[in-house]
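Asks: This is the structure, below, for whatever I ask next.
The values are calculated or read from the model by the stated rules, or taken from the named source; none is laboratory data. Bear in mind the structure is a predicted one, so any value in this text is a computation, not a measurement. As a convention, Cβ positions derive from the backbone with ideal geometry for all residues, glycine included, and neighbour counts pool all protein chains shown. Just so you know, the surface numbers come from the protein's heavy atoms only, side chains and all, with ligands and any DNA or RNA stripped out. Shrake-Rupley method; radii C 1.70, N 1.55, O 1.52, S 1.80 Å.
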Amino acid sequence: MVVYLVGAGPGDPELITLKAIRVLERADVVVYDRLAGEEILGYAPEDAKLIYVGKKAGEHHKTQDEINRILVEEGKKHETVVRLKGGDPFVFGRGGEELLALREAGVEAKVIPGVTSAVGVPTSAGLPVTHRGVATSFTVVTGHEDPTKPEKQVHWDYRADTLIILMGVGNVRENMREIMKHRPPETPVCVIERGTTEDERVILGTLEDIAEKDLRPPGIIVVGEVVNVYREIRWSQG
């Protein structure tokens, strides 16, 4: 009896790994997120039990404690349980919390990594998060901290050349205002909505004006001079 924490990738169903597909094909139970697409669920057997535990800003179908309880209960009853998560389980996916809960309950658990949207989405769009002579480092940060924490851990004074913000579209105005305390307002910004899918949408701007654009979650925000490299690449493609 094993619970697999599986990364489904950034959105495009073809970007899931072969190892993840092989586990899904023999799953007895699939516990899945909002960002794990229907096409990926199709790899599971027809008689597999599907349990939706999706979350989005302001609306949680299940609390994290409830999800942990479901995983432990199903893991004790079934041979193969797949916890299917968008992106990678350990990049703001609370995979660590779920792994700890399973281990503490004595349930065997394994992790199958996925292509994180933090890099997969910009790459798919043609935006390099590092580029020789422009950016030698990048930082991935959440744009939506847990409001129940006693104090914020994100202070926006990161030194990396490229800043990649996940789950930040809903708080874009506040986040850009905070970043402008440490970077010039004319710093280029790119927002990639629903990256790697047919509905992908790319919006360009600066720290100063990106919040005025028509932005819709979910989306990845990239801040830094690599955005200008992306402009050159897009221009060269016509």
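Asks: Calculate the dipole size of the range 107-197 relative to its Cα centre from +1 charges on Lys and Arg beta carbons and -1 charges on Asp and Glu beta carbons; express the result in debye to the nearest 20.
Replies: Here the size comes out at about 160 debye.
Asks: Positive end of the charge dipole of the chain (Lys, Arg +1 and Asp, Glu -1 on Cβ, about the Cα centre): tell me which of Ser124, Leu5, Pro217 has its Cα farthest that way.
Replies: The listed residue farthest towards the positive side: Leu5.
Asks: For the range 100-217, what does the accessible surface come to per residue with a 1.4 Å probe? Please give it in Å².
Replies: For the range 100-217, the per-residue accessible area is 55 Å².
Asks: To the nearest 0.05, what FRET efficiency results for Lys49 and Glu14 with a Förster distance of 25 Å applied to their C-beta separation?
Replies: Given R0 = 25 Å and the Cβ-Cβ separation, E is 0.45.
Asks: Distance cut-off 27 Å, Cα to Cα: go down the list Lys181/Lys213; Lys77/Lys110; Lys19/Lys49; Lys49/Lys110; Lys85/Lys181 and report the pairs above it.
Replies: Exceeds cut-off: Lys85/Lys181.
Asks: Can you compute the label reach from Ser137? Point 7 Å from Cα along the Cβ direction, backbone N cut-off under 17 Å, restricted to the range 149-171.
Replies: 155-165
Asks: When only DSSP loop residues count, what trypsin sites (Lys or Arg not before Pro) in the range 1-71 have their Cβ near at most 16 other Cβ atoms within 10 Å?
Replies: Arg26, Arg34, Lys62
Asks: Considering only DSSP beta bridges with both partners in the chain, what is the antiparallel share in %, to the nearest 5?
Replies: DSSP beta bridges in the chain are roughly 45 percent antiparallel.
Asks: To the nearest 20 debye, what is the magnitude of the charge dipole of the chain about its Cα centre, counting +1 on the Cβ of each Lys and Arg and -1 on the Cβ of each Asp and Glu?
Replies: Roughly 360 debye, rounded to the nearest 20.
Asks: Given the DSSP H assignment, sum -39500 (n - 2.57) over each helix run of at least 4 residues in the chain and divide by its residue total; what's the result at 222 nm in deg cm²/dmol, nearest 500?
Replies: Calculated mean residue ellipticity at 222 nm is -7500 deg cm²/dmol.
Asks: For Arg22 and Gln64, FRET efficiency with R0 = 22 Å and r from the beta-carbon atoms, rounded to 0.05?
Replies: The pair Gln64/Arg22 has a calculated efficiency of 0.20.
Asks: Next up: Over the chain, what is the relative contact order in percent, taking alpha-carbon pairs closer than 8 angstrom and at least six residues apart?
Replies: Rounded, it is 20 percent for the chain.
Asks: Counting only protein heavy atoms and a 1.4 Å probe, tell me what percentage of the chain's accessible area is made up of carbon and sulfur.
Replies: The C+S portion of the solvent-accessible surface of the chain is 49 percent.
Asks: So if R0 is 25 Å, what FRET efficiency would Glu178 and Glu97 give, r being the distance between their Cβ atoms, rounded to the nearest 0.05?
Replies: Step by step, r from the Cβ atoms, then E = 0.45.
Asks: With a ≥ b ≥ c taken as the square roots of the eigenvalues of the C-alpha gyration tensor of the range 178-238, please select rounded if a/c is under 1.5 and otherwise prolate if a/b is larger than b/c or oblate if it is not?
Replies: oblate
Asks: Additional query: Given 0.36 nm per residue, what is the gain on full extension from Glu73 to Met1 after removing their alpha carbon distance, in nm?
Replies: 24.8 nm
Asks: Output the peptides 212-221, 87-96 sorted from most to least packed, where packing is the average of other Cβ atoms within 10 Å over each peptide's residues.
Replies: Those peptides, ordered most packed to least, come out 87-96, 212-221.
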